[in-house]
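**Q** Here you go, one structure.
What follows draws every value from the coordinates through simple rules; no lab data is involved. Everything numeric in this text was worked out from a predicted model, so none of it was measured. Using ideal geometry, Cβ is built from the backbone for each residue, glycine included, and neighbour counts are taken over all protein chains shown.
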């Protein structure tokens, strides 16, 4: 009996102790939709790191609809006054929520850890509202990549990756003549828009990209450069196989892998597919930036919502600091296939494509040719992005002329602003 | 005595009130969750709502945007094309199958089940199956190519001008069996004596069906068309599964349009305006029908 009491007392004591510890290092609830494969693994790393610091992690994964379901849940939670501490939310979406007064800033953490000096300025400005950090980036994905199958290219006598769209067209014509599909593509609006923005970068350069797709300058949107971009997109429609409609991006990647197609234009999450199939970069598949000497930036981030209570506020700050720690940025991005958002993390464990991405990123920051992605919700609000997607995908799937497309696009963007 | 009388009056009052008491929670629930939210949606459509509901009044600006969006016209036109063809073809096939089955064929029960079976599937399953059948590199076209007919093309699913018709095909496949069952029940209820009398008078089978049987089945037509019409208007899942609204937004319907704007684009205001337009359309169809039905029963 006495023995029992002792054990009980000890258990209670331990219980108090652990509860006390958890309280000491905060609680976070994290809302995200990383539920599959490498993504789930990556978010698991974050959970592990947070718990290693003694905090309590409440996971709220909401899968479905590429985040649409999660956003619906988030809206309901914010209206009810009970938001999660951190939400997987990116780009101008951060500003939209900040304007609603729904966010907490983590400026004190950011200042103490000097985030300004380690993040690319373009990315840092997206993470800030009113000059204060309200979100922390976990990675950088590059959108303007060619992925290619070297064996297929060798058949057509191609040894170098294209550096201009004209070069690409010549290669593609040759491949097509030989009966090989030049471009593996999935006909979903966001994929059409991904190709489109890479084309705009290649035809107009980074400054034009910024003017047209970020600042939404009417003059740039109706310019000849824009018409030329649509002409190139029309040309690329001919390089796609007949079944592209509705295909998922990973199936398009598989076409390149299996040698059914030569190129794919896709962000570096496509690399994950190659690596998962045991392919080696440089040998089984090639990566090279699309023309334009720029860098189209996509970045996932966690945005901090207005929670209250010391425990949750503490947890939020611990999480912010953890997300930006070099160790975490390394492990997370090794799992997800992207590169760290911090530019000062050594890339010794990363593959050749990631190292190339990092080099180009630094060069792009220096030359001011780093641009946020329109197709991946980094540049413009979702409403404007939606209008872009409508026009681009409608153009790609019909015989609309480039002049009409430009006019429709300019009108649509004006309407959505 | 008194107590008994009291008891009787009480139980009578209770009996009179019981149905009202039982129904009232349901009534209250539908008042809030149906009509309350309809009112809320209408209100939202007149506000500046974007990513979150915003109760600042904004007049007709959201309707302006809605009617200035080309995609909305595509959605409306698709709804018109789809529902017209879907209802017409399903009804026609339904009647034809019903008449053929009505000829006292052998194994009728088995055949009837076969035709009715698609109805047991959800539109999601139907959409997915037809997506594979109609995919040029996977289904029918490829089959024909393998069989040696290499000139055969059937690319409606990926052709933005024809894609809406693939939705019609899948919808008809799903629902014409159901229409057949309704018509068959109607045909069976026609009195045999009338048919005998007609054939004694020398009317052939075509004449009997076209002049006697079908006109007698007017109520069956009405209920079939109403059931098919509501299937057509709420056909959201079929489009999502079959084409995802694509290629581009060529097969968008008002329901998918509304979903895209509310949940993918953070434009609650425009989405609410489109929902109100859908409500108005349905009202415009239902009210005259209800009016004529109620007047008839009132008489």
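**Q** Note down the relative contact order for the range B:8-68 as a percent, whole number, built from C-alpha pairs under 8 angstrom at least six residues apart.
**A** Averaging sequence separation for qualifying contacts and normalising by length gives 18 percent for the range B:8-68.
**Q** Here is a follow-up. Please give, to one decimal in nm, the separation of the simple spin-label points placed at residue A:82 and residue A:132, each 7 Å out from Cα toward the Cβ.
**A** Result: 2.6 nm between the two label points.
**Q** Could you work out which residue, out of B:15, B:141, B:193, moves most in a Gaussian network model of chain B, that is, has the largest mean-square fluctuation with Cα springs under 10 Å?
**A** Looking only at B:15, B:141, B:193, the biggest GNM fluctuation is shown by B:15.
**Q** Can I ask one more? Take the alpha carbon gyration tensor of the range B:143-214, find the square roots of its eigenvalues, order them as a ≥ b ≥ c, and report rounded if a/c is under 1.5; if not, report prolate when a/b exceeds b/c, else oblate.
**A** Working: a/c = 3.83, a/b = 2.60, b/c = 1.47.
Taking the square roots of the gyration eigenvalues as a ≥ b ≥ c, the range B:143-214 is prolate.
**Q** Can you give the average number of partner chain beta-carbon atoms within 10 Å of each beta-carbon in peptide A:387-395, as a whole number?
**A** 4
**Q** Using Cα centres only, tell me the gap between the range B:145-204 and the range A:304-322 in whole Å.
**A** Cα centroid of the range B:145-204 versus Cα centroid of the range A:304-322: 62 Å apart.
**Q** Report the Stokes-Einstein translational diffusion coefficient (µm² s⁻¹, integer) for chain B, Rh taken as the Kirkwood radius over Cα pairs, at 10 °C with viscosity 1.306 mPa s.
**A** The estimated diffusion coefficient comes to 68 µm²/s.
**Q** Extending each Cα 7 Å along its Cβ direction at residue B:42 and residue A:327, get the distance between those two points in nm, one decimal.
**A** It is 6.0 nm.
**Q** Follow-up. Can you give the angle from 0 to 90° between the axis of helix A:2-25 and the longest principal axis of chain A, with both taken from C-alpha atoms, to the nearest 10?
**A** In chain A, helix A:2-25 runs at an angle near 40 degrees to the longest axis.
**Q** Under the classification rounded if a/c is under 1.5, otherwise prolate if a/b is larger than b/c and oblate if not, where does the protein assembly as shown fall, given a ≥ b ≥ c as square roots of the Cα gyration tensor eigenvalues?
**A** Oblate, since a/c reaches 1.5 and b/c is not below a/b.
**Q** Under a point spin-label approximation (7 Å from Cα along Cα-to-Cβ), what is the residue B:28-residue B:211 distance to one decimal in nm?
**A** 6.2 nm
**Q** Looking at the protein assembly as shown, send over the antiparallel percent of its DSSP beta bridges, to the nearest 5. Each step should come with its number before you reach the end.
**A** Details: 20 of 37 bridges.
Counting DSSP beta bridges with both partners in the protein assembly as shown, the antiparallel share is about 55 percent.
**Q** May I ask you to compute the full-extension gain from residue A:166 to residue A:366, defined as 0.36 nm times their residue separation minus their alpha-carbon distance, rounded to one decimal in nm?
**A** Additional length available on full extension: 69.3 nm.
**Q** log10 I(q)/I(0), Debye, Cα-only chain A, no solvent, q = 0.09, 0.13, 0.14, 0.15 Å⁻¹?
**A** The calculated log intensity ratios at q = 0.09, 0.13, 0.14, 0.15 Å⁻¹ are -0.57, -1.12, -1.28, -1.43.
**Q** Using a Förster radius of 41 Å, what is the FRET efficiency between residue A:359 and residue B:58 based on their Cβ-Cβ separation? Nearest 0.05, please. Mind dumping the intermediate values first?
**A** Values: r = 49 Å, r/R0 = 1.19.
Efficiency for this residue pair is about 0.25.
**Q** Tell me whether the range B:54-189 comes out rounded, prolate or oblate; compute the Cα gyration tensor, take square roots of the eigenvalues as a ≥ b ≥ c, and use a/c under 1.5 as the rounded threshold.
**A** Verdict is oblate for the range B:54-189.
**Q** Between the range A:367-417 and the range B:7-39, how far is it from one alpha carbon centroid to the other, in angstrom?
**A** Using only Cα atoms, the two centres lie 53 Å from each other.
**Q** Could I ask something else about it? Please compute the length gained on full extension between residue B:67 and residue B:201, using 0.36 nm multiplied by the number of residues separating them and subtracting their Cα-Cα distance. Before the final figure, lay out the partial values.
**A** Numbers: separation 134, 0.36 × 134 = 48.24 nm, distance 5.91 nm.
Gain in length upon complete extension: 42.3 nm.
**Q** Please work out the FRET efficiency for the pair residue A:51 and residue B:142, using the Cβ-Cβ distance as r and a Förster radius of 41 Å; give the result to the nearest 0.05.
**A** With a Förster radius of 41 Å, E is 0.20.
**Q** So, R0 is 35 Å and r is the distance between the beta-carbons of residue A:399 and residue B:125; what FRET efficiency does that work out to, to 0.05?
**A** For R0 = 35 Å, the calculated efficiency reads 0.55.
**Q** Measure nothing but the geometry: give the 0 to 90° angle between the long axis through the Cα atoms of A:352-367 and the longest principal axis through the Cα atoms of chain A, rounded to 10°.
**A** 80 degrees
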